[in-house]
1. Taking only the Cα atoms of region B:122-193, how large is their convex hull per residue, in Å³?
2. Hey, what did region B:123-253 get for relative contact order, percent, Cα under 8 Å, at least 6 apart?
3. Summing Lys, Arg as +1 and Asp, Glu as -1, what charge do residues with Cβ under 9 Å from the Cβ of A:Met127 carry, A:Met127 excluded?
4. Which distances in nm, rounded to one decimal and ordered from shortest, link the label point of B:Asp52 to the equivalent label points in the other identical copies, with labels set 7 Å from Cα toward Cβ?
5. Go through region A:162-243 and name the trypsin sites (Lys or Arg not before Pro) that are in a DSSP coil and have 15 or fewer other Cβ atoms within 10 Å of their Cβ.
6. Other chains' Cβ within 10 Å of B:161-167 residues: what's the mean?
7. Using Cα pairs closer than 8 Å and at least 6 residues apart in sequence, work out the relative contact order for region A:3-273, in percent.
8. Taking every residue in B:28-38, how many Cβ atoms of other protein chains lie within 10 Å of its Cβ, on average?
2 protein chains.
Amino acid sequence: MTYEALFEHISQKKSYLCIGLDTDIRKIPAHLLKESDPVFEFNKQIIDATADYCVSYKPNIAFYEALGAKGWESLQKTIEYIPKSHFTIADAKRGDIGNTSGLYARTFFDPSSSGLNFDSVTVAPYMGSDSVTPFLDFEGKWVILLALTSNSGGADFQRLETKDGLVYEQVLKTSQTWAGADRMMYVVGATQTKDLANIRTIVPDHFLLVPGVGAQGGNLEEVSRYGMNKACGLLVNASRSIIYAGNGLDFAEKAKEEAQVLQKEMAVYLDKYCN
Amino acid sequence: MTYEALFEHISQKKSYLCIGLDTDIRKIPAHLLKESDPVFEFNKQIIDATADYCVSYKPNIAFYEALGAKGWESLQKTIEYIPKSHFTIADAKRGDIGNTSGLYARTFFDPSSSGLNFDSVTVAPYMGSDSVTPFLDFEGKWVILLALTSNSGGADFQRLETKDGLVYEQVLKTSQTWAGADRMMYVVGATQTKDLANIRTIVPDHFLLVPGVGAQGGNLEEVSRYGMNKACGLLVNASRSIIYAGNGLDFAEKAKEEAQVLQKEMAVYLDKYCN
């Protein structure tokens, strides 16, 4: 998917919502457990109910991997089921030496290899350039690089001071020599809104994937005010607050309601801040 | 496996060799492709031929994941097949926010979840403490944290200077507050032997997992001289130079010969430097 196509979809839907399919078999409604693939059945109903209100879906791979081969089958069915209009993110946080990162790229981008065909994958920057660039060899696919994360340990190394700025600022600067805003995005934690203005001075044009709104407590208006650029430039993720909004037979309807609330709020911020 | 049991196995075998099961279906001998699970069949024959000369096996998860659900089945069969005496490493380089790292920990450590039961997993440090500590909740299991990697991009961020030392030195220092040498090891690239003496001043007792000997060109004597401590403290990995030593019907025999050469060299260095 191109930068322009993504912005077009955002403008049309008046939404920059990404829904995290962090589907935990221990948390899904009990009535689904009788299905042959409860995880896929849950995802299918969530997707049917929410696709009108979001522009992206982001399965976190840990949830599928934890179920072994069966989890990979659920993931494959899920990614096939997501409408082609929606930007798909493999939240995998991979990264290895060059030839091995090439295999991870095949995993998520080459359906003839693993059966998966995501638009993008999240990558950890610690191992540097050759751990990231193999993902860029797949035309039209995106790397979403971890920059500043919202978890409690995020500050341990990302905020270490170097002579040219904090470590995460160096990640933002150095990685721009690997690809432009048409192929790379950055993960920026929503609980760090005070840093967003700073980040926008380093990466004015890039999309930022912002997790942490909803269950993790980020503030959507603050994120939109400081993070939005003239092509929106934001994908704001909510996972648990949407997919586990209900736990009964009506779980998908409850998820739809939550997604709709966020979409309506986003429509306001797009009018207000996207310019 | 305990620190003491690992050292005991090393002393008995006179080997600190770890064999990387980076099994690429595009590179294994053609005659295996007729098997129902060629990747497992390859691994099985490699393990049978080399188990006497090594103390550890390290499948890099990318090679299995790239084959989707079928790859996970090959991985599961492989890990079940490895003798219990051998220390197993899931070279996965995972790391996510706390509850998600917990799921990755289940993936590799809890056989009732994914079918896998590794002794250890490699973890990327970028997301900090809460991305690492969930792996330590599994008693008797190990975290092997990326510190200084041997790939060309390794210097991009790992060698940034902070006021208290390089970033990788900060990783070594900070992570020691999370677990001791009985539960944590570090990945240190073998092409960086000049750094090993320095690393040993920061982590004198920890095991170091040293990839890059063999196909990646590290020097085994240098690594042993500067990296060894009184409990050996080294697992030196070789992958391609062993598993692809041959490509015919005798591939396992060729792998055995290569493993044996390294083991003999290691026996000398254990006598010389392990004290």
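1. Roughly 92 Å³ of hull volume per residue.
2. Relative contact order here is 20 percent.
3. So the environment of A:Met127 carries a net charge of -2.
4. 7.0
5. In loop regions of region A:162-243 (DSSP not H, G, I, E or B), the sparsely surrounded trypsin sites (Lys or Arg not before Pro) are A:Lys163, A:Lys230.
6. 4
7. Result for region A:3-273 is 21 percent.
8. Details: counts 0, 0, 0, 0, 0, 0, 0, 0, 0, 0, 0.
Shielding by partners across B:28-38 averages 0.
Every read-out reported here was derived from the displayed coordinates using simple, explicitly stated rules and does not represent laboratory data. Since the structure is predicted, the reported quantities are computational estimates derived from the model, not experimental observations. Neighbour counts run over all protein chains shown; Cβ positions are idealised from the backbone, glycine included.
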